Amino acid sequence: MRKEELYQVSTLATFQNRGYDGQLSIRRMLEFGNTGFGTFHGLNGEMIVVGGVVYRALGDCTLEAVKDSETTPFATLGFLGKKAPVVLDVYGNLTALKESLDDVIGDQQKLILSQISGVFEKIAIHSVWPQTKPYDELKKIVDDQDIYIYENIEGTLVGVHCPQSAEGFNVLGWHFHFISEDRQIGGHVNGLFAHKIEFIYDEKEVLTIIEA
Ligand SMILES: [Zn+2]
């Protein structure tokens, strides 16, 4: 493990081609980082990793603990150290938040691991109920999930930004998963309205696929 690297399990192309079977144990995955996100074997919920702890958002966006013997088919994580946050007054939606973060990182081709904390006036998230074989297409599965909206909720977004060179490997641009401060609620972020936020980020040099 190198602190300059961002790690991932599998590739987006494989995952999107019904590659939902677990490839790597959570125990082993955690050797590669303390911050990130992904999903679990059979799409059993959205994964959020903060402070080295792995959470599962159930299909209704409530959180539960995860056994480290579980496996992941697709995840992205790395080490995010403690540092002074950049305070941003976004006062806007997800697009406005991304623009604010882009202004700070200064270059669309950077590979970034980050946390964004604050009280969100509104946030829309979803997760996934576990799937059984034969697996459906990812788009159909995601379209079938309910979106949950929370208001005035304090929490943290884990945010990864990938450059164009990550095409096929990971999600290009920004991708966020949310976890509430009380660790009760979480999921993949579909939309939000943010006010003042604190942005902590690390620029990574390279995106590395973990060998299972
Ligand atoms: Zn996601």
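Read-outs throughout are calculated quantities, based only on the coordinates presented, and are distinct from any laboratory measurement. What you see is a predicted model, and the numbers here were worked out from it, not measured in a lab. Positions of Cβ are generated from backbone atoms using ideal geometry, with glycine treated the same way; all protein chains shown enter the neighbour counts.
Summary table
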read-out: Sequence ranges 151-164, 55-68, ranked by mean other-Cβ count within 10 angstrom, highest first; value: 151-164, 55-68
read-out: Restraint check, Lys98/Lys140; Lys122/Lys196; Lys83/Lys196; Lys83/Lys110, Cα-Cα greater than 21 Å; value: Lys98/Lys140
read-out: log10 of Debye I(q)/I(0), alpha-carbon scatterers only, for the stretch 86-203 at 0.19 Å⁻¹; value: -1.05
read-out: Per-residue [θ]222 nm for the chain (sum of -39500 (n - 2.57) over DSSP H runs n ≥ 4, rounded to 500); value: -3500 deg cm²/dmol
read-out: Around Leu192: net Lys/Arg minus Asp/Glu count, Cβ-Cβ under 11 Å; value: 0
read-out: The stretch 5-78: Rg to Rh, with Rh as the Kirkwood radius over Cα pairs; value: 0.93
read-out: Top of His175, His126, His195 by mean-square fluctuation, Gaussian network on the chain, Cα under 10 Å; value: His195
read-out: FRET efficiency estimate (nearest 0.05) - Cβ-Cβ, Glu181 to Ile209, R0 45 angstrom; value: 0.90
read-out: For Leu24, residues with placed amide H under 5 Å, excluding near neighbours; value: Thr72
read-out: Convex hull volume per residue in cubic angstrom - Cα atoms of the stretch 164-212; value: 162
read-out: Radius ratio Rg over Rh of the chain, counting only Cα atoms, Kirkwood formula for Rh; value: 0.93
read-out: Packing-based order for 180-193, 133-146, 28-41, using average beta carbon neighbours within 10 Å, highest first; value: 28-41, 180-193, 133-146
read-out: About the Cα centre, charge dipole magnitude for the stretch 86-203 (Lys/Arg +1, Asp/Glu -1 at Cβ), debye; value: 260
read-out: For the chain, share of DSSP beta bridges that run antiparallel, in % to the nearest 5; value: 95
read-out: Rounded FRET efficiency, nearest 0.05, which uses the C-beta distance separating Asp144 from Asn190 and R0 of 22 Å; value: 0.95
read-out: Compactness of the stretch 61-123 - radius of gyration and Dmax, Cα, Å; value: 15.3, 41
